[in-house]
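What follows draws every value from the coordinates through simple rules; no lab data is involved. Owing to the predicted nature of the structure, the values given are computational and were not obtained by experimental measurement. Note that each Cβ is placed from the backbone with ideal geometry, even for glycine, and that neighbours are counted across all protein chains shown.
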Amino acid sequence: MGDVVTELSGEEEPREQPFWRIDNSHDSQAVTRVLRQRFPDAFEALDECLDEADPLDIVYPGNPHEYSDVVLEVLVLLAQENADLSHIGRQRLDGVLRQGLARRFGEDPIEARVELAVDLILLRATMTHQS
């Protein structure tokens, strides 16, 4: 995965202030590596489910990980719950996904796709928890 924590350009101002503001590749990779190691299941579930649901219609075939910045924001927001997706309710997950999207993008997500992302993440968390 390439540089995922990036400085936003002036024309891509997010709707909310992001937690992560890193503008170099080395630091970006370090943050991603630490969070991926600390929260491997949540990182993978969020990354894959957001790409599948594609709330902003930005994922193209062969170009995954378009929501990696959002994943990092969501993991910070879920740190209090240890990012354990199996213990996070629908309303809380919906709220942190929307906040994560708002911290990285300046446009509103597609409502039905946010709901799909929540469904996919909760289903995956349930399946992982039962394994």
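Given R0 = 35 Å, the distance between the Cβ atoms of ASP23 and GLU115 translates into a calculated FRET efficiency of 0.60. Residues considered: ALA42, ALA30, ALA102. Largest GNM mean-square fluctuation over the chain, using C-alpha springs under 10 Å, is found at ALA30. Taking the chain as a Gaussian network, where each spring joins two C-alpha atoms under 10 Å apart, which residue of HIS26, HIS87, HIS65 fluctuates the most? Result: HIS26 has the largest fluctuation of those listed.
Summary value for region 10-130: 39 percent relative contact order, contacts being C-alpha pairs under 8 angstrom separated by 6+ residues. Taking 7 Å steps out from each Cα toward its Cβ at ASP41 and ASP108 produces label points 3.5 nm apart.
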